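First the structure, in the form of structure tokens, and then the observations on it.
Where a number appears in this text, it was derived from the coordinates with a stated rule and is not lab data. It should be emphasised that the depicted structure is a prediction, and the values quoted were computed from it without experimental measurement. Note that each Cβ is placed from the backbone with ideal geometry, even for glycine, and that neighbours are counted across all protein chains shown.
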Amino acid sequence: MLLRTIAGCNMRPMIKRSFPISYLLPKRYPISNNGVISSQRFYATERSQPNKDDTNKTKNHQESNSKKEKTKKSTIWPKIRAFTTFSLSGSLVIGGIGISVIVLYLIIAELFSPSGDTQLFNRAVTMVEKDANVRSMLQCKDSKMRKERLKAYGELITHDRWTRNRPIVSKKKIDRDGVVHHYMRFHVESKKKRALIHIEAKDSKNKYQPDFTSVYIDVPGEKRYYLVKPKLAQVVKPTGFLGVNWGPKRT
């Protein structure tokens, strides 16, 4: 009778897939007003098994999140390194360009500037070579067809004639008026004698080249010879009593 009433209640478990399900009936069944035992319906549901694709997706998602966090932390140091290397390389390049510009300026100013020591030396050497008195003092072997060439060089650091380190002694001074004065000394040599030449020049107001104020040569056993004599400053003599001007003249 119990089985019939249970069957009459249409107690069918709602199963998604056909597989054996074991369940227990409750101990007490409630009785309705009609005297029929009402049973509870049991619904069987399939437990969802974890899918491999879903697990792989979740793992990949977690791994990607962890990688992103690591990359955020790790991308800071490469940026700092790149910035430091770029700044250091840029500073080195700028410093090298500045040094090269300074060196080029000094070379151009020394070799090609009209007021440089090289141009002043060349002008003085040509002046000495053209002067007949200097050539006679140096006992040059000159003829109508050919003239002896003179050797001009700086100071002799060693007594070796083959040495190339013969710097020219030169210096510059600025007077009270702001005019630059050039001083130079070098040697001139022929096959028989050697002489020392002194030069003094100052910057010109009208020309780019400095003007020679004094050029003279010293030959051993000879008197000093001036190629350019210095101009002596005119001294105004006082016309007063005992050489003193005592004030304005009385009218």
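Once fully extended, how much extra length lies between Y183 and T85, figured as 0.36 nm per residue of separation less the alpha-carbon to alpha-carbon distance?
30.4 nm
Determine the alpha carbon to alpha carbon distance for each of K202/K231; K130/K223; K147/K171 and list only those over 23 Å.
K147/K171
Can you list, bin by bin at 10 Å, the percent of alpha carbon pairs in region 113-228, starting at 0?
Cα pair-distance distribution for region 113-228, in percent: 13, 42, 32, 12, 1.
Counting other beta carbons within 10 Å of each Cβ, put M127, M137 in order, fewest first.
Arranged by neighbour count, lowest to highest, M127, M137 become M127, M137.
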